[in-house]
1. So which of L59, L67 is at pLDDT 95 or above, more than 29 Å from F4 (Cα to Cα) and surrounded by 13 or more Cβ atoms within 10 Å (Cβ to Cβ)?
2. Does the stretch 90-101 include one or more residues that are in contact with an Asp or Glu (Cβ under 9 Å, 6 or more places away or on another chain) and at pLDDT 90 or above?
3. Can you name the strands (runs of 3 or more DSSP E) wholly within the stretch 32-112 that have at least 2 residues being of a type in the set (S, T, N, Q) and without any contact (Cβ under 8 Å) to a residue 60 or more places away in the chain?
Amino acid sequence: MPLFYDVRQSQIATKDGVKTWHLSLKKVGKTVDTQLLAENIAEKSSLTPGDVQNVIRNLMTTMRTYLLNSRTVRLNGLGTFTMKARTRGKGVNKPEDVNPNQVTALRCQFTPEYTRPAAIGTTRALLEGVEFVKYAGAASEGSADDGGNSGDNTGGGDDDQEENPLG
């Protein structure tokens, strides 16, 4: 189960005027939705896909309730979810002037769970055993318009247009 990558040139030049090259993760196949997840989980358990979907919906509703009540949610073995607010460019000079109108973005941050083997260091559970493979898809799939991700390592492309090289 590798992470596929493409080579992308940065759109922005360095101080020396050089446009550097970067690894950019490539998305392949269609997005995995709740239905497909439920079917796969049901195959590994005694539950039906409908039962699993019900649990997932209830998990999302319950997590939302806790997160929007200033709580952190930890799913053991998976990771931690917490809400973050940004006030980019809207700072004030006095603490008493701080107010919710300064918020420019509200997002839910996910941090994968990690383990700390004594001799190895820190390992993120979801990232353990990752393998990188250079993407060898058709040239038309690596078009110049990759969703605005040129030159970074956040991936790109349209999830629904690309073929799944894994089958």
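The values are calculated or read from the model by the stated rules, or taken from the named source; none is laboratory data. Everything numeric here is computed off the predicted structure, so don't read it as measured data. Virtual Cβ from ideal backbone geometry, glycine too; neighbours counted across all protein chains shown. When the accessible area is computed, the model is the full protein with side chains, heavy atoms only, and any ligands, DNA or RNA have been set aside. Shrake-Rupley method; radii C 1.70, N 1.55, O 1.52, S 1.80 Å.
1. Exactly one of L59, L67 is at pLDDT 95 or above, more than 29 Å from F4 (Cα to Cα) and surrounded by 13 or more Cβ atoms within 10 Å (Cβ to Cβ), namely L67.
2. Scanning the stretch 90-101, I find no residue that is in contact with an Asp or Glu (Cβ under 9 Å, 6 or more places away or on another chain) and at pLDDT 90 or above, so the answer is no.
3. 79-86, 105-112
A quick yes/no check of all residues on (1) open to solvent by 70 Å² or more (accessible area, probe 1.4 Å); (2) over 23 Å from K134 (Cα atoms):
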residue: R8; (1), (2): no, no
residue: K26; (1), (2): no, no
residue: K30; (1), (2): yes, no
residue: L36; (1), (2): yes, yes
